[in-house]
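> Quick one: the structure is below, and I'll ask about it shortly.
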2 protein chains.
Amino acid sequence: MLDIAARLFREQGYGSVSLRKIAEAAGIKAGSIYYHFGSKDEIVAAVLDAGIRVVHENMRDAVTDLRADADGETVLRAAIRAHLRALIDVSDYTSANVRIFGQVPQSVRDANLPTRRAYEAEWDSLLSQLKKDGTLKQDVDIRRLRLMLIGTLNATLDWFDPDRGSADALSRTYADVFLNGILQRQDT
Amino acid sequence: MLDIAARLFREQGYGSVSLRKIAEAAGIKAGSIYYHFGSKDEIVAAVLDAGIRVVHENMRDAVTDLRADADGETVLRAAIRAHLRALIDVSDYTSANVRIFGQVPQSVRDANLPTRRAYEAEWDSLLSQLKKDGTLKQDVDIRRLRLMLIGTLNATLDWFDPDRGSADALSRTYADVFLNGILQRQDT
DNA sequence: ACACCTAACTAACGCCTGTTAGGGTAATAA
DNA sequence: TTATTACCCTAACAGGCGTTAGTTAGGTGT
């Protein structure tokens with residue numbers, strides 16, 4: 001049921017997905033949804049929360065699964081890759097979240113905030129450590145960098161076409177640019 | 001009239017802005033809109049097109065206004081800054097475009113495509129030249145880089161708060177990261 | 001056999017939507 | 001003065017929306 005709703009939300013956005021559409025895709029009638037959920041907001045809130053939880057777990061697992069002696073660059077690349085994979089390959093919930101978050105009523109957004117904050121804190125913690133251990137430049141603003149990073153990754157959803165490349169290849173490009181920039185070096 | 005529609009679309013998204021809301025904000029009744037426009041789609045299409053045109057002009061002007069001997073890095077920084085300013089400081093049309101493009105009916109999206117392609121071509125042309133003249137690394141994929149750049153800039157709309165910093169300061173951060181990366185250099 | 005629970009159904013409610021038809025009013029042109 | 005144009009209004013239309021109330025069928029436990 002939630003799976004279906006998430007898929008529709010990802011494909012069509014919040015406003016275009018009515019309870020009747022969800023019901024039809026689930027093979028039941030609209031009114032029957034109210035046996036399982038109390039309202040449309042409740043459904044969409046559940047989808048949003050699951051979306052963040054999935055990407056959060058994916059990202060954390062990808063980092064903790066690394067060997068303990070992995071260097072900072074490797075860790076950051078793994079985190080970027082995990083976020084992008086959750087978005088593109090793994091979960092309709094995560095992609096639906098990114099897609100419709102800006103379209104849902106304020107109250108639903110607010111309900112999703114704690115879960116988001118936790119995920120953001122995970123990133124901030126990671127980036128802070130990389131800064132402290134000298135992997136990152138000392139003048140980076142953690143919050144800004146995190147917003148920029150996640151913003152860039154999430155924006156992928158607007159144009160990504162699986163026929164033109166894999167999520168993994170793209171995540172490598174992203175990491176290359178973020179880590180080293182695009183400027184031709186003079187010192188080589 | 002279009003100004004008002006663009007502002008509402010930027011603030012509330014496509015689905016939440018009815019013709020009655022636009023009419024009220026304009027001080028007239030809903031039916032009267034049909035004296036000026038043939039349909040809601042026509043209004044939103046006009047807003048979308050104007051949005052791209054504004055950011056396109058801003059970006060092109062920012063680049064051509066530079067002294068002829070400006071180096072590649074300066075040119076790219078100017079383009080980034082112009083896009084971000086159009087999005088944040090200059091135009092409700094541009095921000096509305098970015099905000100609602102993913103929410104409008106397919107037909108309206110399609111109508112906006114030619115204008116978008118022209119703007120994308122402007123970026124591709126700029127980046128190609130920077131690659132040819134050695135400013136950029138030789139292994140960058142122009143299309144990917146453009147999608148990543150514009151995606152990153154546009155994503156700003158989701159979280160930017162004018163109380164926490166200016167668009168110009170942010171554009172400098174963006175340019176710093178894109179040009180040089182965030183990795184601490186060993187050779188300094 | 002009886003009571004209960006689960007999961008669905010039908011039918012309707014009030015509300016909001018984009019859109020249209022027909023009418024009015026003030027300014028402008030002949 | 002008359003005709004025309006520009007602009008807005010009212011009132012309604014059909015259709016979709018989220019939601020609710022009441023009902024029904026099948027399975028489970030006692």
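The values are calculated or read from the model by the stated rules, or taken from the named source; none is laboratory data. For clarity, every value in this text was computed on a predicted model and none was experimentally measured. Heads up, the Cβs are rebuilt from the backbone with ideal geometry, glycines too, and the neighbour counts pull from every protein chain shown. The area values use the complete protein model at the heavy-atom level, side chains included, leaving out ligands, DNA and RNA. Shrake-Rupley method; radii C 1.70, N 1.55, O 1.52, S 1.80 Å.
> Please go through the range A:5-27 and pick out each residue that is within 14 Å of DNA strand C (Cβ to nearest atom) and away from every other protein chain (no Cβ under 14 Å).
So in the range A:5-27, the residues within 14 Å of DNA strand C (Cβ to nearest atom) come out as A:5, A:15-16, A:18-27.
Selection gives A:Ala5, A:Leu19, A:Arg20, A:Lys21, A:Ile22, A:Ala23, A:Glu24, A:Ala25, A:Ala26, A:Gly27.
> I'd like the residue in the range B:9-37 that is open to solvent by less than 10 Å² (accessible area, probe 1.4 Å) and in a helix (DSSP H, G or I) and, out of all such residues, is nearest to DNA strand D (Cβ to nearest atom).
Within the range B:9-37, the match that is nearest to DNA strand D (Cβ to nearest atom) is B:Ala23.
> Tell me which helices (runs of 4 or more DSSP H) are completely within the range B:38-148 and hold 1 or more residues being open to solvent by less than 30 Å² (accessible area, probe 1.4 Å), under 28 Å from B:Ala23 (Cβ atoms) and in contact (Cβ under 8 Å) with a residue 40 or more places away in the chain, or say none if there are none.
Working: elements: B:40-64, B:72-85, B:92-100, B:106-132.
Output list reads B:40-64, B:92-100, B:106-132.
> Can I ask one more? Does the range A:28-44 contain at least one residue that is away from DNA strand C (no atom under 16 Å from the Cβ) and farther than 14 Å from A:Asn154 by Cα? Working first, answer last.
The first filter runs over the range A:28-44 and keeps only residues away from DNA strand C (no atom under 16 Å from the Cβ), leaving A:44.
So of that shortlist, the ones also farther than 14 Å from A:Asn154 by Cα come out as A:44.
Checked the range A:28-44: at least one residue is away from DNA strand C (no atom under 16 Å from the Cβ) and farther than 14 Å from A:Asn154 by Cα.
> Is it true that some residue in the range B:85-95 is at pLDDT 95 or above and more than 20 Å from B:Tyr174 (Cβ to Cβ)?
The answer is yes, given that some residue of the range B:85-95 is at pLDDT 95 or above and more than 20 Å from B:Tyr174 (Cβ to Cβ).
> While we're on this one: Would you be able to say whether some residue in the range A:130-145 is under 28 Å from B:Leu84 (Cα atoms) and within 13 Å of the chain's Cα centre (by Cα)?
no
> Can you tell me how many residues within the range B:170-188 are open to solvent by 30 Å² or more (accessible area, probe 1.4 Å) and outside any loop (DSSP other than H, G, I, E, B)?
Residues of the range B:170-188 open to solvent by 30 Å² or more (accessible area, probe 1.4 Å): B:172-173, B:176, B:180, B:184-188.
This time we only want the ones that are outside any loop (DSSP other than H, G, I, E, B), so: B:172-173, B:176, B:180.
Of the residues in that region, 4 qualify.
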